[in-house]
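In what follows, a structure is listed as structure tokens, so that the remarks can point back to it.
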Amino acid sequence: MREQMKQAEPGSYSKVQIGVDYYPEHWEEAMWEPDIKLMKETGVKVVRVAEFAWSRLEPVEGRFDFAWLDRALDLFHAYGIQVVIGTPTTTPPRWLTTACPDVLPVFADGSVYHPGVRGHRCYNSASLRTYGSRIIEALARRYSSHPAVIGWQTDNEFGMLDCHCDSCNRAFRSWVQAKYSTLERLNSEWGTVVWSGEYSSWEELTVPYGGSPHQNPSLLLDFQRFQWDSCIHFQRRQTEILRAVCPERFITHNFHSYPQRLDMHGLAEDLDVASFDYYPNPAPQKQATAPYSGALSLDLTRGLKRRNFWIMEQLSGPPGCWFPMWRTPHPGLIRAYAWQAIARGADTVVHFRWRSAAAGAEQFWHGLIDHSNVPGRRFAEFAQLCGEVNALAPLLEGTEVTSNAAILYSHEQMAALRIQPQADGLDYYDNIKQYHRALTKLGISCDVIDWRQPLEGYKLAIVPSLYLHDEEAAQRLESFAGNGGTVILTNRSGVKNMNNICLLQPLPGLFSRAAGVTVAEYDPVGHDIHMLVDAAGESFECSQWCDILQPEEAEPVAWYGDDFFAGSPAVTVNRFGAGKVYYIGTHASEAYWLKLLGGIAAEAGLAAFPDLPDGVQAFTRTGEKGELLFLLNLSRGTQSIGLDKHYRSALSGSLVSGIVELSPFAVEILETGV
């Protein structure tokens, strides 16, 4: 096992504060001090810099120019503002890509990911490893003791590149050899006998070049796993350098745009704290969904390290770059969504960006200050947020989100289900959105964690479509249920082994032991709407998939109401040890999930906040000093919410009880124990 290097102390990244992203290299130096002075006056505590600045830091090979960054960091320190430096490897400079074209990714059709944008770097490029390590080490040595620098961000917004260059081809062959050892085992584990795909020498093994997309699903899944490992190793080289040179500074990475195809949990292992770039869509037509998909993104980010996190980029104005500009944030939206992030466990929220760019592709990805260069309405709202967070920081310090429910998330399941789509409309992540939205509407706090993580401390585990599975996964859920936990399994579970090969056994495979049910037949109904009837005779819609269930030890709790399988069980529950295992054979409507989870919450003793109006969310952070209840109206309409006890408003100091009216995008933060 790889020896873990000592990670930074939490105190360096657990402060509750507001920050901004700033690019001193984009502006005349005469603008820096007025900007930083205004940041200080506004209440900004931290900035991120330099993640795209390689060409300014090393304008020609081997000649570093840190003088401009020295002056910027010294100014930030003079005004008491802390700094996170981004390693600049996401934007290799033109002198490097010209001299070493192996830095550039190559797509399956042979086209090249050219410079002039960002993200144009192959994780397996030997040249990038050499030159990237050199610039990172030089930066780390230069700023390891600078009093303003508190941490580092690796690269920027890692993503899947699907690179098919010669370096990746050789590396993939070595990766497969290391995993399977012999061609005989490889051919057996991938089932290459189908379509005469057997390998007779290692030289025949390549990355899955272009042509037909219908290639061996085991090859395609392992190619994705190889890319996950490539990205992890690319980042690991950076974290090893940073920890060797400046071990007291924390390291983070800014994940973005879920769902990500990456192994985010593997990447997060080498970080001190996870970060997320949060851009909720402010369009009116998105207001029904944005608050809930955003809550899922925040819970998923918290689940990467199973502790508090950072927002490294937060919406500050209408985005626009490779698409037409979004609507501008409605009054109150910037503040409300920043508080939503804090409520879900963000300690630091950094807004992108201080000022809208005057040049380049992101000119219309608006910052806090528009091209007028005059602070306006959005800036005033940001200033209000800074004042509130700075005032409440002592109350928030040391608090965290505590959940008794978990959703088990797996990038491997998502990858396999995308390689071979199972039914029209069946989308792994979209389905998780619905389960999480139901929990959020019920006020049930939920962690979203890697599917291999321990489940101690939870009362409920929702386990979506464990399409790939093994004995370890089955035993983990059996142990959890046997010790009193409630498990909810969904359809398309237990279909394949971990190499993406179908198993010749009744579904849901190894999970049938705990579920007490098998699947007699299934119908991929796609977008067709079918009916589900529960034990109370209430009807609900369902779609995507219909498992026709054959209970063994399990008891049916809902049945299909139509088609040739009318009357057949659709949902079952099985008592297993001291707990219960539900199996849901279809994709039931949100109304059904609300009813099911409401009943489970009452039975399992899950803390809930029922009857929340649409768009209103209730979250709690708890610490040694007590509990803080966040009430957020993330909608454009006034909403009312009832409280069952007395509170004190942390924002106003007034006593609050009974019916609370929340205006559009209103925030209330309540102290208990009044």
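The range 406-546 has equivalent-ellipsoid semi-axes of 21, 20, 16 Å, by the square roots of 5 times the alpha carbon gyration tensor eigenvalues, sorted largest first. Panel order for TRP339, TRP326, TRP152, by other beta carbons found within 10 Å of each beta carbon, from fewest to most: TRP326, TRP339, TRP152.
Tell me whether the range 1-95 comes out rounded, prolate or oblate; compute the Cα gyration tensor, take square roots of the eigenvalues as a ≥ b ≥ c, and use a/c under 1.5 as the rounded threshold. Oblate shape, in that a/c is at least 1.5 and b/c is the bigger or equal ratio. The radius of gyration of the Cα set in the range 616-671, together with its Dmax, comes out at 11.1, 35 angstrom. Of the GluC sites (Glu not before Pro) found in the range 31-109, those in coil by DSSP whose Cβ has at most 13 other Cβ atoms within 10 Å are GLU61.
Think of the range 443-490 as a dipole: +1 on every Lys or Arg Cβ, -1 on every Asp or Glu Cβ, centred on the Cα centre; then among THR486, LEU455, LEU468, THR486 lies furthest on the positive end. Over the range 68-128, the Kirkwood radius and the radius of gyration, each from Cα atoms, give a ratio Rg/Rh of 1.19. Checking the a/c ratio against 1.5 first, then a/b against b/c, what shape does the Cα gyration tensor give for the range 143-293? Judged from the Cα gyration tensor, the range 143-293 comes out oblate (a/c at least 1.5, b/c at or above a/b).
How high is the relative contact order of the chain, in percent, with contacts defined as C-alpha pairs under 8 Å that are six or more residues apart? Relative CO of the chain lands at 11 percent. Each residue of the range 541-556 was assigned a 3J(HN,Hα) from its phi angle through the Karplus expression (A = 6.51, B = -1.76, C = 1.60, θ = phi - 60°), giving 7, 8, 7, 6, 8, 10, 7, 8, 8, 10, x, 10, 7, 6, 10, x Hz with x at Gly and Pro.
If only the Cβ of Lys and Arg carry +1 and only the Cβ of Asp and Glu carry -1, the dipole of the chain around its Cα centre is close to 1560 debye. Sites listed here are GluC sites (Glu not before Pro) in the range 453-557 whose DSSP assignment is loop and whose Cβ has at most 10 other Cβ atoms within 10 Å: GLU456.
Exposure proxy ranking for SER212, SER127, based on other Cβ atoms within 10 angstrom of each Cβ and starting from the fewest, stands as SER212, SER127. Residue by residue, the range 438-443 carries 3J(HN,Hα) couplings of 5, 4, 5, 5, 8, x Hz when phi is fed to the Karplus relation 6.51 cos²θ - 1.76 cosθ + 1.60 (θ = phi - 60°); x denotes Gly or Pro. For the range 153-166, the Karplus equation 6.51 cos²θ - 1.76 cosθ + 1.60, evaluated at θ = phi - 60°, returns couplings of 10, 7, 6, 7, 6, 3, x, 6, 9, 6, 6, 10, 6, 4 Hz by residue, with Gly and Pro reported as x. Over all distinct Cα-Cα pairs of the range 198-275, the Kirkwood formula returns a hydrodynamic radius of 15.0 Å. If you wrap the tightest convex hull around every Cα atom of the range 530-669 and split its volume per residue, you get 151 Å³. Ordered by the number of other Cβ atoms lying within 10 Å of each residue's own Cβ, fewest first, ARG170, ARG492 fall into the sequence ARG170, ARG492.
Average 1/r across all pairs of distinct alpha carbons in the range 302-417, invert it, and you get the Kirkwood radius: 16.2 Å.
Measuring from centroid to centroid over Cα atoms, what is the spacing of the range 266-284 and the range 589-636 in Å? Between the Cα centre of the range 266-284 and that of the range 589-636, the gap is 22 Å.
Expressed as a fraction of 2.2 N^0.38 Å, the C-alpha radius of gyration for the range 166-206 is 1.11.
Farthest towards the positive end of the charge dipole of the chain, among the residues PRO331, HIS530, LEU594, is the Cα of PRO331, using unit charges on the Cβ of Lys, Arg, Asp and Glu. Normalised by residue number, the volume inside the convex hull of the Cα atoms of the chain is 163 Å³ per residue.
No value in this document is a laboratory result; all are computed from the given coordinates. Because the structure is predicted, anything quoted here is derived from the model rather than measured. In this analysis, Cβ positions are derived from the backbone assuming ideal geometry, glycine residues included, and neighbour counts consider all displayed protein chains.
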